[in-house]
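Okay, structure first, notes after.
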Amino acid sequence: MAITQEPKTPSAPIGGDVSRRSFIKGIGSVVGAAAIVPSMLRVASAQDAPAAAPLRAGIRRYKATGQALTLKINGKEQKLEVQANATLLDTIREKAGLTGCKEVCSRGACGGCTVMVDGRSINSCMMLAVDAEGREITTVEGLIKDGKLDPVQAAFCEHDASQCGYCIPGFVMRSRVFLNENPKPTLDEIKHGLSGNICRCSTYIRIFAAVTAASQGVKP
Amino acid sequence: MSEFWRPDDRMALENDHPRYDVTEKVTGRAKYSTDYYPDKLIWAAFIRCPYGVAKVTNADVEAAKKAPGVLDVQMDKMDGVYCGDHLGTICAESRQAIEDGIAALKLAFDIGEAKTDPLKQLPPREQWANFTPPTGGGPAGRGGGGGRRGGRGGRAASPEEIAAANAAATGADHMIEAVYETQVQTHCCLEPHNVLVDYRGDHAIAWGSSQGTFAYRDQLTRPLNLSADKVEFHCEYIGGGFGSKLGQTPEGVLASQMSVKFNRPCRVLLTRKEEQLDTGNRPGSIQYMKIGVSKDGTIAGGRMVAFGIAGAMSGGGGVRAVPRYKMTTPAVSSAMDVTLSAGGVRPMRAPGAPQYTYAYEMLMEELAQSIGMDSLEFRQKNDVDPVRQEMYKVGAELIGWKDRKASKDQKGPIKTGFGVAAGDWGNGGFGNATVTVNIYPDGRVEVLSGCQDIGQGFRTLVGDCVATTLDIPYTYLAVKVGVSNLPNGPGSGGSSTSRTVAPRAFLAAQQARDGILGLVAKEMKLPDASKLKIEKGMITGDIKPMAWTDACKLINGQLTYTTSDLPEGMGQNTQSQCVQFVKLNVDTETGVVRVEKIVALQEVGKPVNRNTIENQITGACIEGIGYALFEDRILNAATGVMNNANLEMYKCPGAVDIPEIVPVIWRSDPNSPVNAVGEPPSVPIAGALGCAIYNAIGVPVRKMPMTPRRVLAALGGEKGAVA
């Protein structure tokens, strides 16, 4: 991994009250994964944290400028030069050139940037690229297998589930993950399952129809 | 059931296939202007005023210029008049550098008093019945229930007319005097306003999110100092516009200036906050109504006074009033705009109409209630439009109107309400548009129009017009739209794109068909092609049937047909009548409203593609749910700062808010040409929801959004915020 360990560096206190903004802005000194999601902490500590320093668990140090990360996107490992504070979304779009996922609200309120990370749907605007290292990242472009659309994509097509289409990659990714977790959902479960995504053209009814149809089709 | 509509009637061009570009959209291959990252890209942004009214007391331009990655900083003015106002511009190597540069400016402000309360600018409430705007301050008019379009010129009502109108209201058996309020709604286009301009010395290529390919290009020519033919503008895909991406583009001008200055491609991409503050909105309104009604349900007339609530930089708060119901003496209406220290107005899906319709339909409901008449019967008695009269019958059956009960006759805390509202949209004139159809020897057909597909399905519409006329499978078609070097066409405003372009697409396709048949006739040594036709991809007639692809082999190079003409029979005006029914539940203990079902009957002229039409109708209904129940631009009363300039506290409707929706494509005139459907279905929905809530709880909620708090307040006896 292209992460430098400097365990003796005194670190700023990392706590639950660190906002995402100040947290990202604080890059150049220290990044703590604990402030975001506990699951990230687990990954970080397993791979990086020295066993002898439990108080420093999950704290890593990055260079402020160009950092080479290896990200596995759509099954392909890519070495990408990123700023330490780059979000996964920006990295996927700008560096990996996969522009299916969109930046809409840039704070996790709309689901437009949804990608799959280790099988779970996440808002890629809320995750740092460095935290995605060593994980399986799948974008909407990666759902196509052997030139064939994923059943969710095919159902979205068949039901004309799009208008302007800007939210659709996010909806497709969330629907794929949702159906993996709940293969036979009721309409109500679909509504709740997709409630983190916004479609301003309001194509919801067609989206529900597509997800229902996909749930009755083949599992990938 | 009506003779105008049958559930199994395809009516349309039999086109039920998904939109042409749906695969591009579900795979992420559709490239929006935000999706291009050219080499040497630079970024530019506006330095914005963070308060409603503020004077800059410190701006360290030199320090900002020295910040790493910053290329250019300029302060243009020191006084901001709304939160989000442009004070200057900055250009830098990256978005991070823009943030750093703005931080290095160390902006400081003297914060002034922001105008956030429209009532402070209005005459006292007791004068509204006799209100007429100061000279030149707004329009007046008369008609069977409302004046002409607000915000435009008109004759001011005389004191005598006003007195007569007031007398008509007070002299009737019953009178309703009420004030209805609507809030400011923002567009929330998911793709922010953005543009990428790449100036290359003697020409430029630009990608932008726009509702008007050609108008946008023309705006770039001036800062680029290039003629229109040297600027190629792309907007093949647009992530929503809803009216806010028409008109002026300060972003395009800035990106052009910086691209010229640094000879590099420059992007301006608004943040979500900027998007909420400064890309326009549907203005708010305060509407005073005083109308009388007789016991038999005849509306007597009276006063309708509308105050539009506009932003700092613009008027245009106009409440769009059109006569929909008969009145014995036409109501005398007046309108005036007030301006707040806040972001300006831009067109938004049926500008002015939902505001007015909410107030008008609530009033109708209250009038019907006052004389104890069923509100559907009341509308059927008074609605002036014969098409809507038919719609009422079909819609009532589909929603189950016969189950409607008064609030007091329902047991338990959850009450069910039914509501109905009417709408319409003017369709005047046909703009210019040109369509080209190319046919190639391998059977491919190319359809070209520079117009933009903003999500409504324009690409599909022109493709369908051609595929249906040629009667070939649409898989042969490549439809290219949204580039300024393609044939000219209108911007997508006022529900005009389909109406304007479709006739030309039909005509070009007819010419192409005649061209191919002519080639076949010549090959077969027929005297002419009059007996030939194309049926399901085969050339038939007095010859052995020939496949489309074989016929195309006769083409030498390519066949090209371009037309700007309006074919005969396609130039008459069309109608956009609509009626919407709503069924919903209100929890009278919590005030929470759950919409259960909407029936939306919509006249669309000649329906072309069922999917795109139904998606637009249901989309408008859902946006209307947001407008009526959730969405609100909330300003800090003292500073004019928008408190919810984001997508988590500005409440767009989401998946769990979606009811069952039955869109009904209505075609009263089989010879009607194609009409557009972007605007009309967004007109009645807020009114229908308001009326249904009134039915459910037995008291009117006269202020939007009709939140749980306002529902409870109405139940608690607090009528409207002003009245």
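Structure values in brief
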| item | result |
| --- | --- |
| Qualifying residue in the range B:539-560 (condition: among the acidic types (Asp, Glu), in a helix (DSSP H, G or I) and in contact (Cβ under 8 Å) with a residue 12 or more places away in the chain) | no |
| Condition met for A:Gly170 (closer than 30 Å to B:Gly624 by Cβ and either part of a loop (DSSP other than H, G, I, E, B) or of a type in the set (D, E, K, R) (or both)) | no |
| Residues that are within 18 Å of the chain's Cα centre (by Cα) and buried (at least 24 other Cβ atoms within 10 Å of the Cβ), drawn from the range B:321-342 | B:Ala321 |
| Filter result for B:Asp385 (of a type in the set (D, E, K, R), modelled with pLDDT under 95 and buried (at least 23 other Cβ atoms within 10 Å of the Cβ)) | no |
| When residues of the range B:591-638 are limited to those that are part of a helix (DSSP H, G or I) and among the polar types (S, T, N, Q), the one farthest from B:Pro50 (Cα to Cα) | B:Asn611 |
| Pairs with Cβ under 7 Å, 6+ apart, first in the range A:138-158 and away from chain B (no Cβ under 11 Å), second in a helix (DSSP H, G or I) | A:Pro151/A:Ala214 |
| Those residues of the range B:545-587 which are within 28 Å of the chain's Cα centre (by Cα) and among the hydrophobic types (A, V, I, L, M, F, W, C), in sequence order | B:Leu566, B:Met570, B:Cys578, B:Val579, B:Phe581, B:Val582, B:Leu584 |
| From A:Arg174, A:Arg135, residue being within 27 Å of B:Thr34 (Cβ to Cβ), crowded, with 23+ Cβ neighbours inside 10 Å, touching a residue at least 40 places away in the same chain (Cβ under 8 Å) and more than 7 Å from chain B (Cβ to nearest Cβ) | A:Arg174 |
| Index of the failed condition, A:Met127 passing every other in (1) buried (at least 23 other Cβ atoms within 10 Å of the Cβ); (2) within 12 Å of chain B (Cβ to nearest Cβ); (3) in contact with a helix residue (DSSP H, G or I) (Cβ under 6 Å, 6 or more places away or on another chain) | (2) |
| Single residue of B:Thr213, B:Thr182 found to be of a type outside the set (A, V, I, L, M) and closer than 30 Å to B:Val26 by Cβ | B:Thr213 |
| Count - residues of the range B:340-377 that are free of Cβ contacts under 8 Å to residues at least 12 places away in the same chain and in contact with a Pro (Cβ under 9 Å, 6 or more places away or on another chain) | 0 |
| Criterion (within 30 Å of B:Gly491 (Cβ to Cβ) and in contact with a Pro (Cβ under 8 Å, 6 or more places away or on another chain)) met by exactly one of B:Asn432, B:Asn427, B:Asn438 | B:Asn432 |
| Whichever residue in the range A:99-116 is surrounded by 24 or more Cβ atoms within 10 Å (Cβ to Cβ) and of a type in the set (Val, Ile, Thr) and, among such residues, is farthest from A:Arg176 (Cα to Cα) | A:Val104 |
| Test: residue in the range B:439-453 that is modelled with pLDDT under 95, touching a helix residue (DSSP H, G or I) at 6+ places or on another chain (Cβ under 7 Å) and not in a helix (DSSP H, G or I) | no |
| Some residue of the range B:254-269 being within 11 Å of chain A (Cβ to nearest Cβ), within 22 Å of B:Ile454 (Cβ to Cβ), surrounded by fewer than 24 Cβ atoms within 10 Å (Cβ to Cβ) and touching a residue at least 40 places away in the same chain (Cβ under 8 Å) | yes |
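Yes/no matrix, rows are residues, columns are (1) charged (D, E, K, R); (2) within 30 Å of B:Glu191 (Cβ to Cβ); (3) within 14 Å of chain A (Cβ to nearest Cβ); (4) over 28 Å from the mean Cα position of the chain (by Cα):
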residue	(1), (2), (3), (4)
B:Ser370	no, no, no, yes
B:Arg388	yes, no, no, no
B:Arg404	yes, no, no, yes
B:Phe430	no, yes, no, no
B:Gln456	no, yes, yes, no
B:Val466	no, yes, no, no
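The values are calculated or read from the model by the stated rules, or taken from the named source; none is laboratory data. Everything numeric in this text was worked out from a predicted model, so none of it was measured. Neighbour counts are summed over all protein chains in view; Cβ atoms, including those assigned to glycine, are modelled from backbone coordinates with ideal geometry.
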